[in-house]
Amino acid sequence: MFLENQRLTHLPPAVYPVIKVDENKCNGCGRCVKSCPIQLLMIKNEKVIHNERYDHFRCITCQNCEAVCPQNAIMIDGDYRVNRGYWKNDHLFSGSKTLPVSLDNRDGASEAKGGKDQLTETEKVIYKRRSVRLYKKKQVPRELVERVLEAGRFAPSAGNNQPWKFIVIQDKAVIDKVDLLVKKFCRIVMYATMPHQWVKKQVPGDKNAVLKPWQKIVYQLLLRLRGPNELDPRALGGINAIVSDPDYHTFFHAPTLIILLVDRRGIGSIDLDTGICGQNMVLAAHSLGLGTCYVSLIDGLQGFPRYRKKLGITSPFEIVTSFTLGYPSGQVDNVVEREQLRVKWI
Ligand SMILES: Cc1cc2nc3c(=O)[nH]c(=O)nc-3n(C[C@H](O)[C@H](O)[C@H](O)COP(=O)(O)O)c2cc1C
Ligand code: SF4
Ligand code: SF4
């Protein structure tokens, strides 16, 4: 038991991808900085550089910075690999990440990035959908939001139980309030689970920073209540970025926010059903020229039952996740690489 706890509470020996920037191409536009979910990048002398403040909580290889760069100036080289401990993953992968095979094998990677191929419209939507964190201020008309919701309504579900419910927020003041509350909750999580030197940024990136004895107890309680996945160092790194940056907006100033709720009285796999329903909506939104980004940090609202009630989130409904919706600002949907397929054929 003690050894198991040790394996979970100690940061794993991980290898992170390297962020490479071509200084000759980078024009310092800052699009990658705003798009990075972990706030790993910053602009210095009109060029993008690695944000050293978050040295310990590195890249999740989402390649969003590549997807939004108008200059093809940034590249993420390598993958997240852990060779020991609870989060060990290096035995699961046979090589480095690749583009979708159907694109890679056809006209070559460079043309695939431009989307020149014979894929179906649905396949193109799947491969070119990215999490969008750069939005225009323009509101999405109600008719379009309704088309997105309609795609969710026709999702499959176990026993056709359709356990979902949606809350659509288009009032900027309300989205801003939810952002504030989520960040408040994240701050509490950080103070309970991270070395305080990191949270307060007194010694950014100090590898010798340690958890206080009472934090180790809280950590163990959370492990049992929520499971280790939510304490993955990358997840905590993302939350730390939000807590540390006063300008960070949890919903990226998107004009519309859709919260996905699940009816706890539903049949069987209700969370999975609601996730499938969400992805129907996200893909439909992309096909309509809209951008989306799932934001599960909305979970932070759990700390504010009165406000949740005000929004209409009451039992037996619970939050599963949320996603932002709006018109993307500039090019955001380049195809990116992903881990190779893990599959067993029988
Ligand atoms: C269930 C779920 C929750 C997510 N929560 C967040 C979030 O809170 N904040 C955020 O910036 N991105 C969030 N994301 C977006 C992921 O970071 C993103 O999907 C991933 O990095 C892959 O990038 P892509 O969507 O551009 O392909 C979430 C995605 C999913 C599926
Ligand atoms: S998006 Fe591209 S051009 Fe703009 S700052 Fe980032 S790397 Fe440089
Ligand atoms: S790959 Fe994703 S996490 Fe890594 S630097 Fe780029 S945007 Fe940030």
Tell me yes or no: at least one residue of segment 144-157 is within 14 Å of THR324 (Cβ to Cβ), surrounded by fewer than 18 Cβ atoms within 10 Å (Cβ to Cβ), basic (Lys, Arg) and at pLDDT 95 or above.
no
Could you list, in sequence order, the residues of segment 51-80 that are surrounded by fewer than 17 Cβ atoms within 10 Å (Cβ to Cβ) and outside any loop (DSSP other than H, G, I, E, B)?
GLU52, MET75, ASP77
Can you tell me which residue in segment 195-211 is surrounded by the fewest Cβ atoms within 10 Å (Cβ to Cβ), limited to those that are at pLDDT 70 or above and out of contact with any helix residue (DSSP H, G or I) (no Cβ under 6 Å at 6 or more places or on another chain)?
ASN208
Does segment 14-37 hold any residues that are more than 7 Å from ligand 2 (Cβ to nearest atom), assigned to a loop (DSSP other than H, G, I, E, B) and at pLDDT 85 or above, and which are they?
PRO17, ASP22, GLU23, ASN24, CYS36, PRO37
Being in a loop (DSSP other than H, G, I, E, B) and either of a type in the set (A, V, I, L, M) or crowded, with 17+ Cβ neighbours inside 10 Å (or both) is the filter here; which residues of segment 305-318 pass it?
ILE313
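Among the residues that make up segment 292-303, is at least one of them of a type in the set (Phe, Trp, Tyr), surrounded by fewer than 19 Cβ atoms within 10 Å (Cβ to Cβ) and out of contact with any Ser or Thr (no Cβ under 7 Å at 6 or more places or on another chain)? Spell out the reasoning first.
Initial filter on segment 292-303 (of a type in the set (Phe, Trp, Tyr)): 294.
This time we only want the ones that are surrounded by fewer than 19 Cβ atoms within 10 Å (Cβ to Cβ), so: 294.
If we keep only those that are out of contact with any Ser or Thr (no Cβ under 7 Å at 6 or more places or on another chain) too, we end up with none.
So far as segment 292-303 goes, no, none of its residues is of a type in the set (Phe, Trp, Tyr), surrounded by fewer than 19 Cβ atoms within 10 Å (Cβ to Cβ) and out of contact with any Ser or Thr (no Cβ under 7 Å at 6 or more places or on another chain).
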Within segment 138-178, the residues that are out of contact with any strand residue (DSSP E or B) (no Cβ under 9 Å at 6 or more places or on another chain), of a type in the set (D, E, K, R) and within 21 Å of LYS310 (Cα to Cα) are ASP171, LYS172, ASP176, LYS177
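The values are calculated or read from the model by the stated rules, or taken from the named source; none is laboratory data. It should be emphasised that the depicted structure is a prediction, and the values quoted were computed from it without experimental measurement. Glycine gets a Cβ as well: all are built from the backbone with ideal geometry, and neighbour counts include every protein chain shown.
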